[in-house]
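The values are calculated or read from the model by the stated rules, or taken from the named source; none is laboratory data. Only a predicted model underlies this, so the values are computations on that prediction, with no experimental measurement involved. Positions of Cβ are generated from backbone atoms using ideal geometry, with glycine treated the same way; all protein chains shown enter the neighbour counts. All accessible areas refer to the heavy atoms of the entire protein, side chains included, with ligands and DNA or RNA removed. Shrake-Rupley method; radii C 1.70, N 1.55, O 1.52, S 1.80 Å.
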Amino acid sequence: MRIRQITLADLDGFYNLFAAVCAEGLYTHRQLPPAKERIRESLIEVQTQGWPNHVIEHEGQIIGSGEVFPASVCGEPGRDDTVGVLGMLIHKAFRNQGLGTCLLRTLIDSSQAAGFAALELDVYTSNRRAIHLYEVHGFEWRHDLSRHLLPNRQEDQLQRMRLELGLHSLSAKTL
Ligand SMILES: CC(C)(COP(=O)(O)OP(=O)(O)OC[C@H]1O[C@@H](n2cnc3c(N)ncnc32)[C@H](O)[C@@H]1OP(=O)(O)O)[C@@H](O)C(=O)NCCC(=O)NCCS
């Protein structure tokens, strides 16, 4: 099991992980990942820019991924690019074993190293496990976003959470 930066060779593994989580119908409004060609273009940009995009590899399979993109790249062109937008996926068979915790710590460290001032993410209110994980690492609720009908037919509230990386590093030093 190892956490490393994603490469173009991970395209299929990453896509399959993303598709498996979409198929659960619980954590994203997406029923499918973006088209593979779109992901391929994004991976090339990630390599060029050095944005923190990590995968967890286990016995040749991609079983987890975590991405940080500058905010303006994430569909909201006016957003401040000192903010990194974070997303994480762990394959269902590997959840609740501490992998998300390891991945999140790695992402926070690499985001600080990459110069981001803060991290933000959008998470559904029903996703208690993810919210717990983010709160433990210092993320705080910022505001509610829109409500969505998830593929499992449940309506859910999306909320934005934020971690100030400067404050995070200060608190880490005082521990
Ligand atoms: C969210 C996710 C990335 C977390 O990864 P993980 O490997 O399962 O997380 P970990 O095992 O490191 O930690 C899980 C924590 O949540 C806690 N937890 C588990 N179920 C919980 C629940 N229903 N309510 C509250 N906390 C819960 C665990 O006790 C653990 O906390 P602890 O370390 O303080 O005991 C992963 O579960 C996942 O990919 N879920 C589906 C996709 C998703 O939700 N992505 C995030 C969208 S913003």
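Here's the yes/no breakdown for (1) away from the ligand (no atom under 16 Å from the Cβ); (2) open to solvent by less than 80 Å² (accessible area, probe 1.4 Å); (3) touching a residue at least 40 places away in the same chain (Cβ under 8 Å):
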{"residue": "Ile3", "(1), (2), (3)": "no, yes, yes"}
{"residue": "Asp10", "(1), (2), (3)": "yes, yes, yes"}
{"residue": "Gly13", "(1), (2), (3)": "no, yes, yes"}
{"residue": "Phe18", "(1), (2), (3)": "no, yes, yes"}
{"residue": "Val21", "(1), (2), (3)": "no, yes, yes"}
{"residue": "Gln31", "(1), (2), (3)": "no, no, yes"}
{"residue": "Ala35", "(1), (2), (3)": "yes, yes, no"}
{"residue": "Ser42", "(1), (2), (3)": "yes, yes, no"}
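Against the criterion of being modelled with pLDDT of 95 or more, under 24 Å from Ile44 (Cβ atoms) and open to solvent by less than 50 Å² (accessible area, probe 1.4 Å), Val85 qualifies. Counting residues in the stretch 101-113 that are within 13 Å of the ligand (Cβ to nearest atom), surrounded by 11 or more Cβ atoms within 10 Å (Cβ to Cβ), in contact (Cβ under 8 Å) with a residue 24 or more places away in the chain and among the hydroxyl-bearing types (Ser, Thr, Tyr) gives one or more. Residue-level check: of (1) touching a residue at least 24 places away in the same chain (Cβ under 8 Å); (2) more than 21 Å from Pro33 (Cβ to Cβ); (3) not hydroxyl-bearing (Ser, Thr, Tyr), Met88 misses just (2). Would you mind stating whether Leu121 is open to solvent by less than 40 Å² (accessible area, probe 1.4 Å) and out of contact with any helix residue (DSSP H, G or I) (no Cβ under 9 Å at 6 or more places or on another chain)? For Leu121, the condition - open to solvent by less than 40 Å² (accessible area, probe 1.4 Å) and out of contact with any helix residue (DSSP H, G or I) (no Cβ under 9 Å at 6 or more places or on another chain) - is not met. For Arg79, the conditions (1) within 16 Å of the ligand (Cβ to nearest atom); (2) without any contact (Cβ under 8 Å) to a residue 24 or more places away in the chain are fulfilled apart from (1). Would you call Leu133 touching a Leu at 6+ places or on another chain (Cβ under 6 Å) and either within 15 Å of the ligand (Cβ to nearest atom) or not in a helix (DSSP H, G or I) (or both)? Spelling it out, it is not the case that Leu133 is touching a Leu at 6+ places or on another chain (Cβ under 6 Å) and either within 15 Å of the ligand (Cβ to nearest atom) or not in a helix (DSSP H, G or I) (or both). If the condition is being surrounded by 12 or more Cβ atoms within 10 Å (Cβ to Cβ) and in a helix (DSSP H, G or I), then the stretch 136-166 contributes only Leu165. Suppose the filter is of a type in the set (Asp, Glu), at pLDDT 95 or above and assigned to a helix (DSSP H, G or I); does Glu45 pass it? The answer is yes for Glu45. Does the stretch 61-73 include one or more residues that are in a strand (DSSP E or B), open to solvent by 50 Å² or more (accessible area, probe 1.4 Å) and more than 8 Å from the ligand (Cβ to nearest atom)? Yes, the stretch 61-73 contains a residue that is in a strand (DSSP E or B), open to solvent by 50 Å² or more (accessible area, probe 1.4 Å) and more than 8 Å from the ligand (Cβ to nearest atom).
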